[in-house]
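Notes follow the structure.
The values are calculated or read from the model by the stated rules, or taken from the named source; none is laboratory data. Being a predicted model, the structure only gives us computed values, none of them experimental. Cβ atoms come from the backbone with ideal geometry, glycine included; neighbour counts cover every protein chain shown. Heavy atoms of the whole protein, side chains included, go into the accessibility calculation; ligands, DNA and RNA do not. Shrake-Rupley method; radii C 1.70, N 1.55, O 1.52, S 1.80 Å.
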Amino acid sequence: MTDDPAAPCYITTPIYYVNDRPHIGHCYTTLLADVAARAQRLIGRDVFFLTGTDEHAEKVSRSAAEHGVTPMEWATRNAERFKDAFAFMGFSNDDFVRTTEDRHTTRASAYIQKLVDSGDIELGDYEGWYDPSQEEYVTESTAQEHEYNSPVTGKPLEKRTEQNYFFRLDKYEGWLTQQIESGAIRVLPEARRNEVMGRIRQGLQKVPVSRRIKEGDTDWGIAMPNDPAHRIYVWIEALCNYLTIVDTDDRRKYWPRDEPLAVHLMAKDILWFHAVIWPCMLCALGEQPPATVYAHAYWISEGRKMSKSLGNFIEIDQLRAYADRYSLDAVRWFLTTQGPLGSTDADFAHARFIEVYNSDLANGIGNATSRVGNMFDKYFEGEVTRTCNGEFGFPDGKALPIALAARDAAGKPVDDPTRTFDFAAASAASVRTSVEATGRVSLDEAAAAGIELSRMVDDFISYTAPFTLAKQLDEHEHGEKALATILYTCAEALRIASLLLYPAMPAKMADLWRTWDCSTLNDPDDPDSGFKAPLADLATWAHPEHGIRVGQTIRKGDPLFMRADPKEDPPAAETPSS
Ligand code: ME8
């Protein structure tokens with residue numbers, strides 16, 4: 001990925017099937033995309049974040065028929081549910097594609113026609129194992145391995161023979177191997193990349209891109225250009241959405257012709273399509289492949305795989321119930337930092353939610369900001385009276401004077417009196433860690449950098465004990481200046497921490513910026529309208545324009561997060577209607 005902080009950046013999620021309502025898994029991938037998009041915008045990049053729905057699947061028309069409505073009515077009903085869920089989650093997507101829209105179907109057909117013209121798509125016979133529940137063919141070896149049941153749902157596979165159009169994936173084996181091995185296409189995490197490479201080494205075969213329309217089929221789907229007896233296979237059409245939606249004059253910068261840029265996020269179930277088929281289709285179209293394909297693992301529920309048959313999906317209403325009790329940003333925080341971002345599945349367990357909530361939020365950033373706000377209120381009537389100007393105390397946040405170390409009753413320092421808190425260096429390191437982790441899509445690490453910085457503030461408060469100092473101001477030559485300097489240092493470090501926490505917790509950080517009058521960062525009343533400078537400036541320690549300034553109001557305000565009682569039952573969600 002480029003280092004240019006202003007370069008365009010394109011982030012996508014899978015487009016989700018509208019045969020059913022959304023659940024935690026759909027919200028999770030889209031949340032990751034939202035956190036990544038917010039982090040990149042904060043860095044200063046021109047971001048386009050796309051999500052949406054995949055509507056032309058057979059299972060959508062089947063499910064519509066079961067509900068006695070047309071496929072379009074059913075698709076619209078469920079697409080609205082996805083939109084509602086994403087609005088509730090506070091997502092900042094720049095567009096929402098529905099594959100039934102003209103802007104998608106016309107361009108997708110044109111791409112397929114182009115591939116027919118170039119000979120990359122050709123007609124032939126196909127016999128294979130079809131997985132109706134996933135709407136895809138599986139290889140003979142996969143079928144065998146799963147005893148001719150779907151590797152995803154366990155439902156029986158069907159042997160199907162049909163005359164189809166095929167994409168000549170086999171032609172691109174050498175090119176794709178080179179792209180992934182050279183890192184031009186980053187397949188992440190590492191474990192997934194190795195799996196994909198292993199499968200590519202077994203050889204790439206032609207893949208069907210259409211199916212013949214049979215008696216009794218509905219007309220749901222896009223017809224093969226120039227051959228209406230065939231319909232474009234939904235997977236192939238769906239992948240095209242990433243390009244159709246930005247293939248316009250004003251958006252083409254997000255899919256440049258000279259370098260890979262797109263970041264595709266998804267779960268491991270659909271990595272093959274994104275890391276293999278789609279890049280080869282793009283190559284055949286003369287387009288750049290995606291720069292990054294990131295496949296996370298699965299959410300499971302209280303230790304068990306989530307499935308329709310077990311009926312244990314974490315539903316949106318359950319997330320709403322958690323958000324009502326603990327705040328939406330607490331839900332976003334839990335999912336971002338505890339989710340299956342790497343290659344291991346993650347459990348949504350109530351006890352873990354409470355543990356993380358209390359430790360990172362209520363006792364972490366919430367407590368730190370509320371203590372500091374409280375002390376400003378109490379000792380300085382809510383006003384910043386001095387910064388770290390080097391005249392007294394620790395210039396640039398360095399070298400803590402021994403006089404400030406907390407003392408016991410006998411006047412001895414209770415901690416190592418030579419300890420220093422170099423907040424200027426520590427905050428710069430946190431910002432570096434966070435930006436670097438964002439680039440690798442390690443969004444949990446990026447967020448943790450903010451919490452670690454706030455923990456350093458806690459340590460600093462324990463060490464300097466400003467509440468003790470406040471009672472002994474007369475005993476110190478520069479007591480009041482020292483107290484003001486300590487509080488400034490805490491506030492400045494928490495301001496920088498809050499920037500790093502913003503992508504995961506935008507609403508709570510905006511609350512803090514309002515209480516602390518941080519209007520030099522962005523408009524606290526409209527935080528999504530953009531930041532006033534790139535992160536590199538905003539997060540510079542004691543920045544003359546964006547740092548905590550003399551005269552700024554810092555008040556206690558309401559606590560960002562109330563402590564949660566671990567004994568309390570999980571919040572109950574109403575059972576959603578189908
Ligand atoms: O596959 N944990 O749509 P889909 C985490 N339309 N993420 C999960 C999850 C879980 N338990 N369950 C689902 C399709 N997801 C196609 C995609 S893209 C061109 C076409 C998320 O509705 C995860 O992102 O089945 C997964 O890849 C996606 O939902 C599958 O969504």
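Restricting region 180-250 to chymotrypsin sites (Phe, Trp or Tyr not before Pro) that sit in a DSSP loop and have at most 16 other Cβ atoms within 10 Å of their own Cβ leaves nothing. Shown for region 135-208 is the translational diffusion coefficient from the Stokes-Einstein equation, using the Kirkwood radius over Cα pairs, a temperature of 10 °C and a viscosity of 1.306 mPa s: 112 µm²/s.
Placing +1 on each Lys and Arg Cβ and -1 on each Asp and Glu Cβ, with no other charges, gives region 75-187 a dipole about its Cα centre of roughly 480 debye.
Summary: within the chain, the longest segment free of trypsin sites (Lys or Arg not before Pro) located in DSSP loops with at most 11 other C-beta atoms within 10 Å is 309-566.
Local charge for Ala572 was computed over the other residues whose Cβ lies under 13 Å away, with Lys and Arg +1 and Asp and Glu -1, and equals -4. Compute the angle between helix 367-380 and the longest alpha-carbon principal axis of the chain, please, reported from 0 to 90 degrees and rounded to the nearest 10. So the inclination is approximately 30 degrees.
If you wrap region 243-356 in the convex hull of its Cα atoms and look at it from every side, the mean projected area works out to 9.5 nm².
Note on Met306: accessible area is roughly 20 Å² with a 1.4 Å probe, heavy atoms of protein only. For the set Lys308/Lys508; Lys83/Lys159; Lys171/Lys214, the pairs lying more than 32 angstrom apart at their alpha carbons are Lys308/Lys508; Lys83/Lys159. Exposure here means at most 12 other Cβ atoms within 10 Å; with GluC sites (Glu not before Pro) in a DSSP loop as sites, the longest stretch of the chain lacking them is 216-380.
Summing +1 for each Lys or Arg and -1 for each Asp or Glu among the other residues whose beta-carbon sits under 14 angstrom from that of Tyr111 gives -2. To the nearest ten degrees, helix 479-501 and the longest principal axis of the Cα atoms of the chain are 0 degrees apart.
Overall, the chain carries a charge dipole of about 400 debye about its Cα centre when +1 sits on the Cβ of Lys and Arg and -1 on the Cβ of Asp and Glu, all other atoms neutral.
Rounded to the nearest 20 debye, the dipole magnitude of region 242-345 is 240 debye, with +1 charges on Lys and Arg beta carbons, -1 on Asp and Glu beta carbons, and the Cα centre as origin.
Asp523 exposes around 70 Å² of accessible area when a 1.4 Å probe is run over every protein chain in place. With the convex hull drawn over the C-alpha atoms of the chain, the volume per residue is 161 Å³. Principal-axis analysis of the Cα atoms of the chain puts helix 102-117 at an angle of about 60° to the longest axis. Short to long, the 5 Å bins of the Cα pair-distance histogram for region 271-316 hold 5, 19, 17, 11, 9, 11, 12, 10, 5, 0 percent of all pairs.
Within the shell of other residues whose beta carbon sits under 15 angstrom from the beta carbon of Pro256, the net charge comes to -3, with Lys and Arg scored +1 and Asp and Glu -1. For region 140-160, the residues whose amide N sits under 14 Å from a probe point set 7 Å from the Cα of Arg212 along the beta carbon direction are 160.
The mean accessible area for residues of the chain, using a 1.4 Å probe and ignoring ligands and nucleic acids, is 41 Å² per residue.
Computed on region 510-578, the Cα convex hull volume stands at 183 Å³ per residue. Annotation: average projected area of region 1-103 is 7.0 square nanometres, based on the convex hull of Cα atoms across all directions. So for region 447-578, taking the charge dipole from beta-carbon charges (+1 Lys/Arg, -1 Asp/Glu), which of Leu538, Ala465, Thr520 sits furthest toward the positive end? With unit charges placed on the Cβ atoms, the residue in question is Ala465. At full extension, Arg77 and Asp526 could sit 158.6 nm farther apart than now, given 0.36 nm per residue minus the alpha carbon distance. For region 42-163, the equivalent ellipsoid derived from the alpha-carbon gyration tensor has semi-axes of 31, 22, 18 Å in decreasing order. Computed over region 300-353, the P(r) tail beyond 12 angstrom holds 68 percent of alpha carbon pairs.
Within region 448-499, the proportion of Cα pairs with more than 12 Å between them is 63 percent. Only DSSP H runs of four or more residues enter the estimate; each adds -39500 (n - 2.57), and after division by the residues of the chain the mean residue ellipticity at 222 nm equals -12500 deg cm²/dmol. Of the solvent-accessible surface of the chain, computed with a 1.4 Å probe and all protein chains present, 48% belongs to carbon and sulfur.
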